[in-house]
1. If you go through region 274-294, how many residues are out of contact with any strand residue (DSSP E or B) (no Cβ under 7 Å at 6 or more places or on another chain) and crowded, with 22+ Cβ neighbours inside 10 Å?
2. Looking at the structure I just gave you, is LYS32 touching a Pro at 6+ places or on another chain (Cβ under 7 Å), at pLDDT below 95 and of a type in the set (D, E, K, R)?
3. Can you pull out the residues in region 33-75 that are assigned to a loop (DSSP other than H, G, I, E, B), surrounded by fewer than 16 Cβ atoms within 10 Å (Cβ to Cβ) and either polar (S, T, N, Q) or in contact with a Lys or Arg (Cβ under 8 Å, 6 or more places away or on another chain) (or both)?
4. State all residues of region 190-224 that are surrounded by fewer than 17 Cβ atoms within 10 Å (Cβ to Cβ), farther than 19 Å from SER155 by Cα and not acidic (Asp, Glu); if no residue qualifies, say none.
5. Being part of a helix (DSSP H, G or I) and surrounded by fewer than 18 Cβ atoms within 10 Å (Cβ to Cβ) narrows it down to one residue among LEU311, LEU397, LEU334, LEU363; which is it?
6. Might you check whether a residue that is without any contact (Cβ under 8 Å) to a residue 60 or more places away in the chain and among the basic types (Lys, Arg) occurs anywhere in region 124-138?
7. Of (1) free of Cβ contacts under 8 Å to residues at least 12 places away in the same chain; (2) within 30 Å of LEU65 (Cβ to Cβ), GLU357 satisfies all except one. Which?
8. Pairs under 6 Å by beta carbon, first residue basic (Lys, Arg) in region 87-103, partner assigned to a helix (DSSP H, G or I), six or more apart or different chains?
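The values are calculated or read from the model by the stated rules, or taken from the named source; none is laboratory data. Here the structure is a predicted model, which means the values were calculated and not measured. In this analysis, Cβ positions are derived from the backbone assuming ideal geometry, glycine residues included, and neighbour counts consider all displayed protein chains.
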Amino acid sequence: MLPKASRVAEFAEGVADIPLALYVHLPWCIKKCPYCDFNSHERARQALPEEAYIDALLRDLEQQLPWVWGRKIVSVFLGGGTPNLFSPEAIARLMSGLRARLPIKPGTEVTMEANPGAVEESQFEQLAAAGIGRLSLGVQSFDPDALRALGRVHSASDALSAARAAKSVFGRLNLDLMYGLPGGDAPQSMDSALRDLELALEIDPGHISLYQLTLEPNTRFASRPPTLPDEDVCIDMQEALLGRLAQAGYGRVEVSALARPGHECQHNINYWQFGDYLGIGAGAHGKITLPGEGILRTHAIRRPEDYMAALDGGASPRQTRWVSQAERPFEFMLNALRLIDGFTAEQFRQRTGLGLEVVLPTLGHLQARGLVEARAGGFRATALGMDHLNAVQAEFLSD
């Protein structure tokens, strides 16, 4: 049962024009990394409940289908956890079940996350045959000391081998890289960070996600912090890495994503543009705009066993809440201002149901401080604004 809508008359038109994506969460890993705050659980590959979990995923999707009848899917993302722990046969069954229930047309971007330590490269072609068209590989670093300090289960040679094989099979490849890392005898140096990037560039992925390591609450690193490079060193690293990527032909799409033209991750762009997405799987989040009602946020039970048990019993595995009108400007800006190109007034109106006039005073205030700037039909953060993005976004919080 849904909570009562906050305003019945809104979003009566135009919902079908809001892009709709699908996120599928596969929540198991061989080993939980000490910096990871995602909903992931340690489990050996041979102990995965593949059949039961895929059954649950498809039942979960069926429960949500009435919210999205008639809307096409613009992208699919299989995330985790470590989705490639699932066998190619299980992924093929999952993809077949998704296509039977949703209008996923040929050519739709379908991405799967993978970790080098759990990769069997011979399975890449089977995954491609199942419908995976883009691989997102969690390399993080090619440095042996950094990988050990991060608790990764793969070696530098594993990462290089998996990345080269993925590039040859899929063509469309994203590499995740981190900087500001702990090391063996000393934290990561500038030279080490640049070496990581040069190895990534030799593989020539179309897309690179570049993250500074942060110590998140409720992680092992939060309770037992490693020694990291000084913040000033990390700032210099970021500047040098971004400069090298620009030199290599990668454009910055948002704060942490860079891509060659035509290789941007459409699924993530939909998040940042405040599009809609169904979320299925243990702990998965979703955002759906319902005609005549409003924006619905969903959040599934985190523990996989409880998630499967709820669906086995015919119950809903998720909580739901409506996003109030007062919350929407902040939620929109929390995403859209991450984009280098920012947003248009039409996107704001379509995705929030509100006119741009509700945020123009705040935008004007930020513009006067040099933190945002007008662009054709909308606004974006300036370079200074990107450096202080959290503070810029916080300006849109409702009292």
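1. 1
2. no
3. Within region 33-75, just LYS72 meets the criteria.
4. Those that are surrounded by fewer than 17 Cβ atoms within 10 Å (Cβ to Cβ), farther than 19 Å from SER155 by Cα and not acidic (Asp, Glu): MET190, TYR211, THR214, LEU215, PRO217, ASN218, ARG220, ALA222, SER223, ARG224.
5. The conditions single out LEU334.
6. no
7. For GLU357, the failing item is (2).
8. Going by the 6 Å Cβ cut-off, the qualifying pairs are ARG93/ILE54; ARG101/LEU61.
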